Amino acid sequence: MVRAVESSAKGPLRVGVIGVGIMGANHARVFAGLPDVTLVGVADPSEQQRELVTRILGVPAVEHVDDLLGPGLDAVTIAAPTHLHHEMALKCIERGIHVLVEKPIASNVDEGREIIAAAKRRGVKLMVGHVERFNPAVQAIKDAIKDEDILSIGITRVGPFPPRMSNVGVVIDLAVHDIDLIRWFTDSEIVEVQPQLSSAIAEREDIALLQFRTASGVLAHINTNWLTPFKARTVHVATRKKYLIGDLLTRQVSECFGFQPDGSYSMRHLSVGHSEPLRAELQSFVSAVRDDKTPPVTGEEGVESLDVAMRCLEDRQPSKAASRRPEPRRAAG
Ligand SMILES: NC(=O)c1ccc[n+]([C@@H]2O[C@H](COP(=O)([O-])OP(=O)(O)OC[C@H]3O[C@@H](n4cnc5c(N)ncnc54)[C@H](O)[C@@H]3O)[C@@H](O)[C@H]2O)c1
């Protein structure tokens, strides 16, 4: 059992991390460096991951989550595999612990809604880790399109297969980030989805071309796959008066404006901050807990983005064979 730390209204917020794999280890690293926060401990069944975190951060690491969730804990990040989010979140909420759950909020919409209802009943904060909203390049785009008449959004998020395959495809793993961004950029809900999915190599979909229409009339598309040898994350936004081009990896954002009847226009690079997105996300979670504010990404928003992703999967071809690419047609002669 992780030793309880003396509680004090003004003392540091006592946090823990459940699941310290690729993402959770980063949460632990960032929490350990935040002011007015004490990383009390982490929980992970993997001895290798526990040793790694203890060696680097010098915090206690326990095998079972129940041994982390003592009275000395105010808040946790849940970064265990997605199929465990529901069970872990309910456990924490039941004990009155505030929860930041990694994206997607849960494996399905019903589980997500149960997490929201439990958090409301118990009066704890619930935030979903849509970290891309805290990317300074994304924030520069959001600022640049404020009060603009948005017409269309195109997002590309491609790369190689992840080192360890989880039990979800590219829509739930990657596109859910961009579904959230489209909803956030437009301040509107997605009302129509037109998905095209294919499984070129993996069991689940590994290529997705998704088209959307928002209630506000914006057209959007997402191009995502695990078949590109390099990572690319780009966002293009067309508004009536501007065209924004953002690279979320290099954090360069440019805007074209001043369109003239002769086709000429001006272009400028926007100023983009340098903060680490995860640090900004965790700081906003801590401040929501401390100051009793609504977290910037609520459980409801996490469920809405998951719901859109699920709707993209509903029209999946009935059999894997049907969704697989056929052999290329051979030219005659
Ligand atoms: N926001 C982002 O950009 C982003 C990026 C990657 C992953 N994620 C999300 O983070 C979550 C974890 O993904 P990952 O890539 O870090 O996976 P991962 O496999 O690297 O890490 C998961 C960790 O959870 C541990 N775990 C398994 N069962 C557990 C249990 N019962 N209790 C505690 N820990 C347990 C595993 O041992 C592992 O160390 C997923 O929900 C994923 O969608 C979000």
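The values are calculated or read from the model by the stated rules, or taken from the named source; none is laboratory data. Owing to the predicted nature of the structure, the values given are computational and were not obtained by experimental measurement. Glycine also receives a Cβ, built like all others from the backbone with ideal geometry; neighbour counts cover every protein chain displayed.
Restricting T234, T228, T239 to residues that are in contact with a Gly (Cβ under 6 Å, 6 or more places away or on another chain), modelled with pLDDT of 95 or more and not aliphatic (A, V, I, L, M) narrows the list to T228. Take V303 and decide whether it is in a helix (DSSP H, G or I) and assigned by TED's automatic domain parsing to the domain that holds L34. No, not satisfied. You will find that of L69, L100, the residue that is hydrophobic (A, V, I, L, M, F, W, C), crowded, with 17+ Cβ neighbours inside 10 Å and assigned to a strand (DSSP E or B) is L100 and no other.
Being in a helix (DSSP H, G or I), assigned by TED's automatic domain parsing to the domain that holds R240 and either surrounded by 19 or more Cβ atoms within 10 Å (Cβ to Cβ) or within 13 Å of the ligand (Cβ to nearest atom) (or both) holds for only one residue in A118, A89, A140, and it is A140. Taking segment 58-75 only, how many residues are under 20 Å from G11 (Cβ atoms) and not small (G, A, S)? Of the residues in that region, 7 qualify. Scanning segment 163-178 for residues that are of a type outside the set (A, V, I, L, M), modelled with pLDDT under 95 and near the ligand (Cβ under 9 Å from one of its atoms) yields a total of 4. Just so you know, in segment 143-162 the residues that are assigned to a loop (DSSP other than H, G, I, E, B) and not small (G, A, S) include one that is nearest to the ligand (Cβ to nearest atom), and it is P162.
Residues in segment 176-198 that are of a type outside the set (A, V, I, L, M), surrounded by fewer than 20 Cβ atoms within 10 Å (Cβ to Cβ) and touching a residue at least 24 places away in the same chain (Cβ under 8 Å): W184, D187, S188, E189, S198.
With respect to the conditions (1) surrounded by fewer than 19 Cβ atoms within 10 Å (Cβ to Cβ); (2) assigned by TED's automatic domain parsing to the domain that holds L181, I222 falls short on a single one, namely (1).
Just one of the numbered conditions (1) more than 11 Å from the ligand (Cβ to nearest atom); (2) closer than 18 Å to L282 by Cα; (3) in contact (Cβ under 8 Å) with a residue 60 or more places away in the chain; (4) assigned to a loop (DSSP other than H, G, I, E, B) is not true of P35: (3). When V15 is tested against (1) within 22 Å of the chain's Cα centre (by Cα); (2) touching a residue at least 24 places away in the same chain (Cβ under 8 Å); (3) more than 18 Å from V286 (Cα to Cα), only condition (3) is not met. In this entry, P136 is excluded by the filter for residues that are over 18 Å from A220 (Cβ atoms) and free of Cβ contacts under 8 Å to residues at least 60 places away in the same chain. The residues of segment 71-86 that are at pLDDT 95 or above and more than 13 Å from the ligand (Cβ to nearest atom), listed by number, are L73, D74, A75.
Figure legend. Inter-residue proximity from segment 156-167: first residues closer than 19 Å to V138 by Cα, second residues outside any loop (DSSP other than H, G, I, E, B) and within 12 Å of the ligand (Cβ to nearest atom), beta-carbon distance below 6 Å, spacing 6+ or different chains. Indicated pairs: R157/L174; R157/D178; R157/R233.
Filter segment 55-70 down to residues that are more than 15 Å from G21 (Cβ to Cβ) and of a type in the set (V, I, T) and give me whichever is nearest to the ligand (Cβ to nearest atom). Out of the qualifying residues, it is V62.
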